[in-house]
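Read the structure below first, then the notes.
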Amino acid sequence: MEQIKINGGKILSGEIKIGGAKNSAVALIPAALFAEGQTEISNVPNITDRDALFSIMRSLGVDISMKGSVVNIDSSHMKNAEISEELSNKLRASYYFMGILLAKYRHAEMYFPGGCSIGARPIDLHLKGFEALGVNISHDEESHKYTLDAQNLKGAKIHLDFASVGATINIMFAATMAEGTTIIENAAKETEIINIADFLNAMGADIKGAGTSTITINGVKEMHPASISVIPDRIEAGTYLILGAIMGKDLTVCGVNPDHITAVLNKFKDMGIDYRIDGDRITVSRTDNIKAINITTLVYPGFPTDLGQPMSVLLTQANGTSYFEETIWENRMQHVAYLNKMGANIELKDNCHAVIKGATPLHGAEINATDLRGGAALVVAGLVADGQTIISNIDYILRGYENLIKKLKNVGADIQIIGEKE
Ligand code: EPZ
């Protein structure tokens, strides 16, 4: 089994180039199926979620080629077919094929999507939106197979109980080629949604309001090939900036959009952490007297849930007591036990509330990644800790952080992958 081995405590300096946003790419790649012919997506991150999507699309007869971070997708010979349970379970975002296949063929067959263990991760809001558009949904409780059919897909006004990112995008997909107008109210406002709407509009869709809480989609009949670039990954950038706030000496992330991580930078200000912005570059250095603060994760543009776990490591190095509240997922504190094993002093009130007392020196340990961002938090902790840390279950981490080892070695980290790939 492959593991990450870290000898921590090293000061990290230099530049980390940020890749394309995972949570944009996993929607943009399947969205290429809207157009008959060749589409091009650039700045695609080198992550295993990308490869999982490619295997699903190839099972539908789609030709895919890559040159560096540029992906060419040719859907000329694609066929609508059931997406197997094995493929459906490769990643949570496989559910985007539901909206796309409904738009193109009025029919989709697949299984409940996989993903991390951070919560039940239902898709009821997606399905409710599809039903509002006239989709009939049958679900086999045994096999978890979904069969979705729509005689005709008609635009509707849809109010989301929760500003769900996935439901917003999936309903936008299904509405793109429906008859008439769809209005999504209480839509998610994450920046990735703007990137996806830009791609759909470039292919001939008629979508307005992406990035606000009300999105209007006028259905179109035809879509044509186009190209798009994936926006920078604000979560990857935030993760490395958090690392730099503890171990950095002029650690710079480049190729980022600072406007996408305002919530994180504001917290840095509250904590007394120095950083400087220069265009698409942000440089941060460790600060001796880090102030304890409170963090509550919220929908965009609030503090992002995907940076809560990495941030909890920074809070262990703050002087005083910090309160960390996770409001988006019901089980995103599984990394805490491992941080405490490394010397942190974190008391879990429940699965969503942690009291973090700092500053506590961290020491190396043998630990396990429990999910993608929890795993990233453990990499940060290992780089901070004195001594050796061995992290298992690293597939979780490689799903969302491209070239992790190379990027960290480049700035002075003593980190490597050991063991055999299974
Ligand atoms: C996206 O997940 C991201 N994943 C998540 O990032 C991110 O944490 C989340 O948005 C919130 O920002 C991708 O984009 C692939 P949601 P998504 O629908 O769309 C509940 C990472 O680490 N919910 O906004 O699945 C759900 O249970 C990942 O990169 C329903 O109840 O998130 C959760 O409590 C983790 N019913 C909350 O809403 C639904 O139908 C947030 O879900 C859908 C969601």
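Some points to look at:
- Annotation for region 239-278 versus region 393-422: alpha-carbon center distance of 22 Å.
- Look at where the Cα atoms of region 284-301 and of region 310-386 average out, and the two centres are 13 Å apart.
- Fraction of accessible area attributable to carbon and sulfur, the chain (%, probe 1.4 Å): 48
- The convex hull of the Cα atoms of region 22-229, projected and averaged over all directions, covers 9.9 nm².
- Gyration tensor (Cα) of region 163-247, equivalent ellipsoid semi-axes in angstrom: 30, 15, 8
- Degrees, to the nearest 10: 165-176 long Cα axis against longest axis of the chain: 20
- Alpha-carbon centroids, region 53-118 and region 175-231: separation in whole Å: 19
- Checked against a 27 Å cut-off, the cross-linked pairs Lys104/Lys128; Lys10/Lys349; Lys17/Lys249; Lys22/Lys421; Lys145/Lys189; Lys104/Lys145 give Cα-Cα distances beyond that limit for Lys10/Lys349; Lys145/Lys189.
- Taking all protein chains as they are arranged and a probe of 1.4 Å, the heavy atoms of Phe54 leave approximately 10 Å² accessible to solvent.
- What the Cα convex hull of region 20-110 gives, in volume per residue, is 76 Å³.
- The loop-placed trypsin sites (Lys or Arg not before Pro) in region 165-243, going by DSSP, that have at most 16 neighbouring Cβ atoms within 10 Å of their Cβ come out as Lys221.
- Label-to-label distance, nm, for residues given as Asn218 and Asn257 (7 Å Cα→Cβ offset): 2.5
- Counting only Cα atoms, the size of region 264-353 along its three principal axes is 39, 30, 18 Å, in decreasing order.
- Lys208 paired with Tyr323, simple spin-label distance in nm, labels 7 Å along Cα-to-beta-carbon: 4.3
- Taking all protein chains together and rolling a 1.4 Å probe, Tyr338 ends up with roughly 50 Å² accessible.
- Among the trypsin sites (Lys or Arg not before Pro) within region 342-422, those in coil by DSSP and having at most 12 neighbouring Cβ atoms inside 10 Å are Lys421.
- Candidates Leu91, Leu265, Leu298, ranked by Gaussian network fluctuation over the chain, Cα under 10 Å, top entry: Leu298
- Accessible area of Glu222 in the full protein assembly, 1.4 Å probe (Å², nearest 10): 140
- Radius 14 Å from Cβ of Glu326, net charge of other residues (Lys, Arg +1; Asp, Glu -1): -2
- Fraction of C-alpha pairs exceeding 23 angstrom in region 192-346: 47 percent, rounded to a whole number.
- Surface/4 of the Cα convex hull for the chain, nm²: 18.5
- Probe 1.4 Å, protein heavy atoms only - accessible area per residue of the chain in square angstrom: 37
The values are calculated or read from the model by the stated rules, or taken from the named source; none is laboratory data. Being a predicted model, the structure only gives us computed values, none of them experimental. No Cβ is skipped: glycine too gets one built from the backbone with ideal geometry, and neighbour counts run over all protein chains shown. Just so you know, the surface numbers come from the protein's heavy atoms only, side chains and all, with ligands and any DNA or RNA stripped out. Shrake-Rupley method; radii C 1.70, N 1.55, O 1.52, S 1.80 Å.
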